[in-house]
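K.L.:
Below is the structure I would like to discuss, written out as structure tokens.
All of the numbers you see were taken from the coordinates with simple rules; none came from a lab. Predicted model only: the values in this text are computed from it and were never measured. When we count neighbours, we look across all protein chains shown, and the Cβ atoms used for this are built from the backbone with ideal geometry, even at glycine.
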Amino acid sequence: MNRLTDAEVSLIPVADLKEGMMVYNLTQNCLQINIDGTSTGWRCFNNQTCPD
């Protein structure tokens, strides 16, 4: 899994973003998953439980 900062995540070209893409965000200290394939689709998952 790629370990990227917020700045590095923002540099990913929009054409390369895919729904379900995952990175470990070093700035936010969480697993980020892109939920819709857009630059605003990144969501941070840092709880060790299933989300509701």
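K.L.:
What is the distance, in nm, between label points placed 7 Å from the Cα along the Cα-to-Cβ direction at Gln48 and at Arg3?
P.N.:
Simple spin-label model gives 1.9 nm for this pair.
K.L.:
Work out, step by step, the length gained on full extension between Thr38 and Tyr24: first 0.36 nm times the residue separation, then minus their alpha carbon distance; give nm to one decimal.
P.N.:
Details: separation 14, 0.36 × 14 = 5.04 nm, distance 1.72 nm.
Between Thr38 and Tyr24, full extension yields an extra 3.3 nm.
K.L.:
Right, next: State whether the chain is rounded, prolate or oblate according to the following rule on the C-alpha gyration tensor (a ≥ b ≥ c being the square roots of its eigenvalues): a/c under 1.5 gives rounded; otherwise a/b larger than b/c gives prolate, and the remaining case gives oblate. Please list the in-between numbers first.
P.N.:
Details: a/c = 2.26, a/b = 1.30, b/c = 1.73.
Here the chain falls in the oblate category.
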